[in-house]
Amino acid sequence: EQLLVYLSERPIDIPEIVVERVMLTGGKRGLYEVPGSAHFLGPRELEAFSYNDIQRILAEIPGINIQEEDGYGLRPNIGIRGTGAERSSKITLMEDGVLMAPAPYAAPAAYYFPTAGRMEAVEVRKGSSQIKYGPFTTGGAINLLSTQIPDRFSGYTQIQAGTRDNRTVHAYVGHSVDNAGFLIETYQASTDGFKNLESGGNTGFDKKDYLAKLRLNTNRTARVYQALTVKASQTNEVSNETYLGLTDTDFGATPNLRYAGSQEDVMTSQQRHYIVRHLIKPSSFVDITTTVYRTEFARDWYKLDRVRATTDGDRISIGAVLAAPELYSAEYAILRGNSSTNENALELKHNNREYFARGVQSVVGLRFDSGEISHDLEVGVRYHEDELDRYQWVDLYRMQDTVMELTDTGVPGTESNRIESATALSSYAQYSFEYGRSTFTPGVRYEHIELTREDFGKEDPQRLGTNVTTRSNTVDVLIPGIGFQYDFSNRVTLFSGVHQGFAPPGSQEGARPEKSINYEIGTRYRSGVTGLQAVVFFNDYSNLLGSDLAASGGQGTTEQFNGGEVNASGLEVSAGYDFAATTSANISIPMNVAYTFTKSEFVNSFESDFEAWGTVEAGDQLPYVPSHQLSIGTALIVSKYSLNLNGKYVSRMRTVAGQESIVNSESTDAHFIVDVAGEYAVGRQTHVFATIQNITDQAYIVARRPAGVRPGLPRLVQIGIKTRF
């Protein structure tokens, strides 16, 4: 009982009117007022398994397609309704209503993702009303809600440990008085990793996240209420991750193997995030929320890129070696740890990059009634700047009896030496008017984007500008949308919408943005402990964009490729019910089901340098979009005990565009993964718990990129204790 009371929904620490200005849904209660598909996972859902992997969290929400990579969700690949999943670069990603990709316009690939384990809630919004949140308006928007400032002095600690030296510490303390409040929080996670290096060594990560909030506010009863909130956070990460996968043969024999050629691969990164948010409510029907923000992200992913077996041989990419080990037998042997005759056989690249994003955004809300009509007008404007600075170089190694030895240190700035930047002015207006049982929500978004690139070249590491080349591209676009909702009763609602999808192009002069027309129609049902939502969607792309990312098996140039016309359609169903709701006993047996069917195909034929597309024929299905996904979760909650069970099925995905029968060498594995969690209250404020992820220890292929076969997370057992005060 104590657990249920603590986890009751309290979506944000500022007045209710502002909830929808910084949230997507307004919490569970707000879902039923959204004229489109929306989902909210609150504290109760997130604490059941204490996941720190956003991919496992989002499995409960239909319509989301995910390509796993490292097993821990450090750099997730998330798409929505058939959008590309590469580094979550086709969705609008936010934390507390602020864009969180390192450079959302200039380089949206999310090599940083907010720490999911410290979040209090996660919400997803799809359909026409997502145009408020741009710049990406095709699939949907994801907003992560950080821990709110508590309304009284309180704190929380959670400590857990598990197999492969997995360790997590999560703690916060906060307090509020009449005119101020604060929160201090940390989330720290580390593991030795589940992959086994042939040469020995750590394949895990160490991540430390720190956050602080301070709020100053007038009295709640003041004639003009105001609040000022300051938030600052820093995340440090060292992860021994690699792009080097396995051949099919080696995966079949030892799925968690890592070749000796990846022993030096490591990413070091630091992210800092600052926001200052001001709220003023000058009258009962007007509120203004203004946010100033800045994000800084620096990382150097030092990883194996190419192999040269002989001094006069070709430099072969690791992806090519693993795709045809029989053709590149000498290079493959070196990857496995055989001594190299070439002193400079292994090329390791410092993928060194620095990002920043900064801006100011303001939202004005106006609510009033006129006769039988209720009006809600929201107007927002944002000025934003971001930048990616690529300053990279290559070191050379030889392999000596499974041990890599440095033979040549590269000169910084001699591999990639350029700056991508963007300036964007965006605004939107969304007007919702309710008459009787009907609600109409028309809206429009405007984006003016200027994208530039300065390439200093590999021969000018000092950036003297002796041979600099520049290019630029400007985009102006209006993005309209309209949603409709009709309440047949307090239980049954019909909603539909149509809107334009948009994604910014690159800095190539004249490059076309991604555009689509997107449709959805759905229904919601709620009655007591029963809830149901079913949605049919259709996304009609006039021009789909693909990005050349190393993460997707490309060369890492970040150039964008036109995919022409594409159709993506599907069905999303989510339902929940408590089987013990009608009993008088102190017991709860909730069950939740989410199912997604997605069909995506190219409408035209073309040749592409984008490896995952290649030679495309009309009717080819898009890669890394599963046709079927199913999530089933149930729990038994009795007094001081709780037992939770989650199962997730994902059908086989193509890894290369095609339409014939799926070939094993060009697909992932269909898999059904079961997670279990149990908890016991040893006191009013103290609980012990245990979780098992992938309880059957299933070995399965989750991807064939960036280079070679990649395994999913094997069985992970953890035990822990959490205390509140």
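Under unit Cβ charges (Lys, Arg +1; Asp, Glu -1), what dipole magnitude, rounded to 20 debye, does the chain have relative to its Cα centre? Mind dumping the intermediate values first?
On the way: 67 positive and 87 negative charges, 510 e Å.
Here the size comes out at about 2440 debye.
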Given the options Ile521, Ser262, Met591, identify the residue whose Cα lies farthest towards the positive end of the charge dipole of the chain (+1 on Cβ of Lys, Arg; -1 on Cβ of Asp, Glu). Met591
With label points set 7 Å from each Cα along the Cα-to-Cβ direction at Asp248 and Ala161, the distance between them in nm comes to 4.3
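Roughly how many debye, to the nearest 20, is the charge dipole of segment 47-114 about its Cα centre, given +1 on each Lys and Arg Cβ, -1 on each Asp and Glu Cβ, and no other charges?
That gives a dipole near 280 debye.
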Sorted largest first, extent of segment 36-170 alpha carbons per principal axis (Å): 39, 38, 28
Mind giving me the nanometre distance, one decimal, between the label points for Gln685 and Thr409, set 7 Å out from Cα along Cα→Cβ? 5.3
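Using r as the Cβ-Cβ distance of Leu216 and Asn586, and R0 as 41 Å, what FRET efficiency do you calculate, to the nearest 0.05? The partial results should precede the final answer.
Details: r = 42 Å, r/R0 = 1.03.
Once the sixth-power term is evaluated, E becomes 0.45.
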Using 0.36 nm per residue of separation minus the Cα-Cα distance, give me the extension gain between Val276 and Asp314 in nm, one decimal. 8.4 nm
How big is the accessible area of Lys195 in square angstrom, nearest 10, if you roll a 1.4 angstrom probe over the protein chains? 20
Shape call, segment 395-461: gyration tensor on alpha carbons, a/c limit 1.5: oblate
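Could you sort Asp206, Asp151, Asp487 by their accessible area in this structure, using a 1.4 Å probe and putting the largest first?
Numbers: Asp206 65, Asp151 90, Asp487 45 Å².
From most accessible down to least: Asp151, Asp206, Asp487.
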So, taking all protein chains as they sit and a 1.4 Å probe, how much accessible area belongs to Tyr595, in Å² rounded to tens? 70
Could you please tell me the mean projected area of the C-alpha convex hull for segment 239-332, averaged over all directions and given in square nanometres to one decimal? 11.0
Sorting Ile61, Ile149, Thr168 by the position of each Cα along the dipole of the chain (Lys, Arg +1; Asp, Glu -1; all at Cβ), the one nearest the positive end of that ordering is Ile149
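Under a Cβ-Cβ cut-off of 13 Å, what is the net charge of the residues other than Val682 that fall near it, where Lys and Arg count +1 and Asp and Glu count -1? Kindly include the intermediate steps, with their values, before the conclusion.
On the way: positive: Lys640, Arg684, Lys722, Arg724; negative: Glu679.
Summing Lys/Arg as +1 and Asp/Glu as -1 gives +3.
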Could you pull the accessible area for Val650 with a 1.4 Å probe, rounded to 10 Å²? 10
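Around Ser627, under 10 Å between beta carbons, what's the net of Lys plus Arg minus Asp minus Glu among the other residues?
Values: positive: Lys599, Arg652, Arg654; negative: none.
Around Ser627, the charge tally is +3.
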With the crude spin-label approximation of a point 7 Å out along Cα→Cβ, what separation in nm comes out for Tyr383 versus Lys458? 4.0
Neighbourhood net charge (13 Å Cβ-Cβ; Lys/Arg +1, Asp/Glu -1) for Thr268: -2
Quick check for me: using +1 on Lys/Arg Cβ and -1 on Asp/Glu Cβ, what's the dipole size of segment 388-482 about its Cα centre, in debye to the nearest 20? 480
Filter on Lys303/Lys515; Lys126/Lys648; Lys90/Lys195; Lys132/Lys231; Lys195/Lys349; Lys599/Lys648 - keep pairs with C-alpha separation over 25 Å: Lys303/Lys515; Lys90/Lys195
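The values are calculated or read from the model by the stated rules, or taken from the named source; none is laboratory data. Just so you know, these numbers come straight off a predicted model, no measurement behind them. Here Cβ is always computed from backbone atoms with ideal geometry, including for glycine, and neighbour counts include all displayed protein chains. Ligands, DNA and RNA are excluded from the accessible area calculation, which covers all protein heavy atoms including side chains. Shrake-Rupley method; radii C 1.70, N 1.55, O 1.52, S 1.80 Å.
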